[in-house]
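Student: I'd like to ask some things about the structure below.
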Amino acid sequence: MKLYRRPSEFAWWVTNRAYFLFVVRELTSVFIAGYGVVLLVLLQRLAAGPQTYAAYLRFLASPGMIFFHLVALAAALYHSVTWFRLAPQAMPVRLRGRRVPPPAIVAAGYAAWGAISLVVVWIVLRGPR
Amino acid sequence: MVGAAVTLDVFRYRPEQSAEPSFQTYEIPYREDWVVLDALNYIKDHLDGSLAYRWSCRMGVCGSCGMMVNGTPRLTCSTFLREFYPRAVRVEPLANFPVARDLITVLDDFLEKLVRVRPWIVREGEQPLTGGEYRQTPGELDRYKQFSMCINCTLCYAACPIYALEPHFVGPAAIALAQRYNQDSRDEGGLARLRALSTPEGIWACTLVGECTTVCPTGVDPAGAIQQAKLAAALDWLRRVLVPWRNR
């Protein structure tokens with residue numbers, strides 16, 4: 001029997017909206033990794049002394065870096081929202097033998113996110129002691 | 001709607017005539033209550049008896065008539081022409097599988113993978129007949145019932161870009177069926193099954209595109225099954241690292 005194998009499509013991820021959104025979700029990690037690198041460099045400059053640190057802060061205030069941070073923020077938000085939306089699929093919760101409705105699991109995720117964010121805001125705004 | 005017609009562009013592959021496939025266009029009468037499979041049967045009965053395709057039950061149970069309908073994996077017995085009319089309908093064999101003839105794919109790869117996950121109840125020892133049946137509560141049934149609805153139609157493999165890129169991937173339906181037995185209170189093979197699947201070709205190949213779940217005609221949610229298996233495998237690994245003396 002002579003079988004026909006269809007050639008694989010190079011641009012498979014633009015053939016379908018769901019594939020495209022998936023690839024966008026995966027690509028957000030690149031910006032989040034980039035943001036991680038910026039934070040690590042910031043720490044290194046802080047350790048190197050006040051002048052180097054001030055110079056790095058000036059670099060961060062440049063329009064290009066502000067644009068990068070806005071893109072990274074959008075990427076992080078998109079990734080987080082899709083992550084919370086998928087949580088009930090990956091982790092169905094049962095209470096007293098019954099399935100917890102998926103929207104409740106999503107809501108619990110957002111609630112935990114909000115609570116942890118509030119703690120972070122409190123630590124940051126408290127300032128140095 | 002008497003006299004209306006609809007166009008079907010059908011994938012043809014006849015290896016004895018040409019090594020390359022082609023599309024053949026058929027004009028058929030349009031009927032509002034016809035599904036794509038009815039249209040194919042009309043072509044086979046009245047226009048071209050050489051068209052080859054699989055079908056059996058016509059009611060979404062047997063899982064034989066899966067094809068790409070306008071680029072999406074669908075059961076042709078439950079895809080109405082009216083969804084596309086008056087546009088033409090393009091019918092192709094399910095993506096990601098080799099084609100034997102026209103709309104017929106070769107499913108050997110899927111069947112081999114299905115057997116590999118041991119989709120049956122594994123017991124370490126059977127209890128004696130005097131022990132009675134293996135009883136289950138409605139709650140225990142509910143844990144796996146959704147995954148047991150799989151009809152092996154392989155639409156999920158056709159929808160999965162990971163399977164297209166990485167043919168060694170065990171794939172959505174096989175893992176969902178593994179999870180169906182892992183969640184069954186009568187089964188004792190869960191840990192072995194999970195460890196066999198916790199490989200780069202198994203659950204970890206999945207990056208949660210989620211299209212398998214979208215196209216599933218019986219609501220199995222293979223994407224959910226794979227993520228749940230990932231969680232169970234990660235917890236098993238953690239337990240083996242934290243309490244190595246309790247390893248089995």
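Student: Filter region B:233-248 for residues that are free of Cβ contacts under 8 Å to residues at least 24 places away in the same chain, away from chain A (no Cβ under 14 Å) and assigned to a helix (DSSP H, G or I) and give the result.
Tutor: B:LEU238, B:ARG239, B:ARG240, B:VAL241, B:LEU242, B:PRO244, B:TRP245, B:ARG246
Student: Something else: Please indicate, with yes or no, whether at least one residue in region A:1-12 is within 10 Å of chain B (Cβ to nearest Cβ), surrounded by 11 or more Cβ atoms within 10 Å (Cβ to Cβ) and farther than 25 Å from B:PRO98 by Cβ.
Tutor: Checked region A:1-12: no residue is within 10 Å of chain B (Cβ to nearest Cβ), surrounded by 11 or more Cβ atoms within 10 Å (Cβ to Cβ) and farther than 25 Å from B:PRO98 by Cβ.
Student: Further question on the same structure: Enumerate the helices (runs of 4 or more DSSP H) found wholly within region B:166-232, keeping only those where 1 or more residues are within 11 Å of another protein chain (Cβ to nearest Cβ) and not hydroxyl-bearing (Ser, Thr, Tyr).
Tutor: In region B:166-232, B:211-215 are the helices (runs of 4 or more DSSP H) which contain 1 or more residues that are within 11 Å of another protein chain (Cβ to nearest Cβ) and not hydroxyl-bearing (Ser, Thr, Tyr).
Student: Identify all residues within region B:101-156 that are farther than 19 Å from B:ALA225 by Cβ and touching an Asp or Glu at 6+ places or on another chain (Cβ under 9 Å); write none if there are none.
Tutor: Matches in region B:101-156: B:LEU103, B:ARG123, B:GLU124, B:GLY125, B:GLN136.
Student: Let me ask something else about it. Take A:GLY49 and decide whether it is away from every other protein chain (no Cβ under 14 Å) and on the phi > 0 side of the Ramachandran plot.
Tutor: yes
Student: Next question. Which of the residues spanning region B:98-118 are in contact with a helix residue (DSSP H, G or I) (Cβ under 7 Å, 6 or more places away or on another chain) and within 14 Å of another protein chain (Cβ to nearest Cβ)?
Tutor: Result: no residue meets the conditions.
Student: So which residues in region B:16-39 are charged (D, E, K, R) and under 28 Å from the mean Cα position of the chain (by Cα), if there are any at all?
Tutor: B:GLU20, B:GLU32, B:ASP33, B:ASP38
Student: Name the strands (runs of 3 or more DSSP E) wholly inside region B:1-82 in which the number of residues that are of a type in the set (Ser, Thr, Tyr) and either within 18 Å of B:ARG101 (Cα to Cα) or not assigned by TED's automatic domain parsing to the domain that holds B:CYS212 (or both) is 3 or more.
Tutor: Per the criteria, B:22-29.
Every residue, every condition in (1) modelled with pLDDT of 95 or more; (2) assigned to a helix (DSSP H, G or I); (3) small (Gly, Ala, Ser), yes or no:
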position: B:VAL91; (1), (2), (3): yes, no, no
position: B:ALA95; (1), (2), (3): yes, no, yes
position: B:ARG123; (1), (2), (3): no, no, no
position: B:GLN127; (1), (2), (3): no, no, no
position: B:THR130; (1), (2), (3): no, yes, no
position: B:GLU140; (1), (2), (3): no, yes, no
position: B:ALA158; (1), (2), (3): yes, yes, yes
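Student: How about region B:139-159: which of its residues are at the interface with chain A (Cβ under 10 Å from one of its Cβ atoms) and in contact with a helix residue (DSSP H, G or I) (Cβ under 8 Å, 6 or more places away or on another chain)?
Tutor: Selection gives B:ALA159 alone.
Student: Check region B:152-164 and report whether any residue there is farther than 20 Å from B:GLY219 by Cα, free of Cβ contacts under 8 Å to residues at least 40 places away in the same chain and not small (Gly, Ala, Ser).
Tutor: No; the residues of region B:152-164 include none that is farther than 20 Å from B:GLY219 by Cα, free of Cβ contacts under 8 Å to residues at least 40 places away in the same chain and not small (Gly, Ala, Ser).
The values are calculated or read from the model by the stated rules, or taken from the named source; none is laboratory data. Keep in mind it's a predicted model, so treat the numbers as computed, not measured. Neighbour counts run over all protein chains shown; Cβ positions are idealised from the backbone, glycine included.
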